[in-house]
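What follows is one structure encoded as structure tokens, with my remarks underneath.
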Amino acid sequence: MRVSAILTGLAIFAAGAAYAEPHEFIACNFREHKGTADLDKWVASIQSVLDSTQDGYRAVVLTPQYDGGDATPDFYWMGVWPDAQKMGLGLANWFEKGTGDKAMVALAAFADCKPGPLWWGRQVYQQK
């Protein structure tokens, strides 16, 4: 019975994942005396790492436009893969090549970041 439930859950996951893109959100606050110039420098430095470890990955830096108080992070890193398979392969490459660890240590030098949940997103409308 348990194996059947697991297989059913995996089938539902796979069916949903086929039409959705995995999104990662990482909430970050700048360390003292650090800011967007440090973030921009880091982004420029990891582009070759992303190019060599990811396939189809896109990243967006989100910054708040209205202050939500102390709970609002200074920025979010939002990474998006085109599908679950590319996410899995990309994450394996990121950590197996060791370059991901170095990139995260460099990030920690100027920002305190907390990974958030993994989201599945699918486009439901695009204005023509």
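The values are calculated or read from the model by the stated rules, or taken from the named source; none is laboratory data. These figures come from a predicted structure and were not determined experimentally. Please note: Cβ atoms are built from the backbone with ideal geometry, for glycine as well, and neighbour counts cover all protein chains shown.
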### Task
Sort out which residues of the range 68-79 are under 16 Å from Gly35 (Cβ atoms) and either more than 21 Å from the chain's Cα centre (by Cα) or of a type in the set (S, T, N, Q) (or both), and write them in order of number.
Thr72
### Query
If we scan the range 83-98, do we find a residue that is modelled with pLDDT of 90 or more and closer than 19 Å to Thr36 by Cα?
no
